[in-house]
Amino acid sequence: MARRLTVRRLRSSDVESCARIVAGDPLWQRYGLTLSRARRVLRQALAQAAKGTTAARAVGEIAVARAAGRPVGFVWFRREGTFHHSGYVRWIAVAPAARGRGVGERLMRYAEERIFRRGPNVFLTVSDFNRAAQAFYRQLGYTEVGALPDYIVRGITERLYRKTQAPIGAWGAGPTRTRGRSISTTRRRRQQ
């Protein structure tokens, strides 16, 4: 399936299928995600992204994996924002019939490629009970770096995972970057 798979940005015609994929998953149901809420959240994200650069950056990007002309999964991510410098994968969902066929990996690679253009780190959280997802992320090079008890739902600990290319201070041209410029360059301009 991975060879016949296409990945592109979410369109309004994808919302219903993507909402059904995520809302139909028992894992997401534990978080209280219903079909109507999934539809609403995805539609709001799409509307915000259409408003322009600032709004789009705030909501992030949603990419859809399609096979045989229909959505089989999606990933929602931000290219920056975590600790002000790093990307974050907010949601990833794959239709049950498409699992184990490279869809999740393809979606993660898409998100990582976009995030790594902006900075050297990707973060995500995964439920403490979701051992299969934890193994999946470790196979992709993620390392568990912390735990967030009761972060989203009381009684569930979110495991914080990170994939890195370098420390922030070693990335790019300077100690850290601000919209393509190093902070040291930004400081020099302010001092002039």
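Which numbered condition in (1) in contact with a Leu (Cβ under 9 Å, 6 or more places away or on another chain); (2) surrounded by fewer than 17 Cβ atoms within 10 Å (Cβ to Cβ) is the only one that Thr34 fails?
(1)
Checking Arg30 against (1) touching a residue at least 40 places away in the same chain (Cβ under 8 Å); (2) farther than 23 Å from Ser127 by Cβ; (3) in contact with a Ser or Thr (Cβ under 9 Å, 6 or more places away or on another chain): exactly one of these is not met. Which one?
(2)
Return the total of residues in the stretch 113-133 being closer than 17 Å to Glu144 by Cβ and not polar (S, T, N, Q).
Of the residues in the stretch 113-133, 9 are closer than 17 Å to Glu144 by Cβ and not polar (S, T, N, Q).
Taking into account only those residues within the stretch 1-12 that are in contact with a helix residue (DSSP H, G or I) (Cβ under 7 Å, 6 or more places away or on another chain) and assigned to a helix (DSSP H, G or I), which is farthest from Thr125 (Cα to Cα)?
Out of the qualifying residues, it is Ser12.
Name every residue in the stretch 74-95 that is of a type in the set (Gly, Ala, Ser), under 26 Å from Gln165 (Cα atoms) and crowded, with 20+ Cβ neighbours inside 10 Å, in order of residue number.
Matches in the stretch 74-95: Ser86, Gly87, Ala93.
Identify, from the list Ala111, Ala63, Ala98, the residue that is under 17 Å from Arg11 (Cβ atoms), touching a residue at least 40 places away in the same chain (Cβ under 8 Å) and among the hydrophobic types (A, V, I, L, M, F, W, C).
None of the others qualify; the one that does is Ala63.
So Gly119 passes all but one of these: (1) touching a His at 6+ places or on another chain (Cβ under 9 Å); (2) under 17 Å from Val22 (Cβ atoms). Which condition number does it fail?
(2)
So which residues in the stretch 134-156 are surrounded by 12 or more Cβ atoms within 10 Å (Cβ to Cβ), outside any strand (DSSP E or B) and free of Cβ contacts under 8 Å to residues at least 40 places away in the same chain, if there are any at all?
Gln134, Phe136, Tyr137, Arg138, Leu140, Gly141, Tyr142, Tyr151
Out of (1) in a helix (DSSP H, G or I); (2) at pLDDT 95 or above; (3) more than 17 Å from Tyr31 (Cβ to Cβ), what's the single condition that is false for Gly169?
Failed condition: (2).
The values are calculated or read from the model by the stated rules, or taken from the named source; none is laboratory data. Here the structure is a predicted model, which means the values were calculated and not measured. FYI the Cβ positions are ideal-geometry reconstructions off the backbone, even for glycines, and counts take in every protein chain you see.
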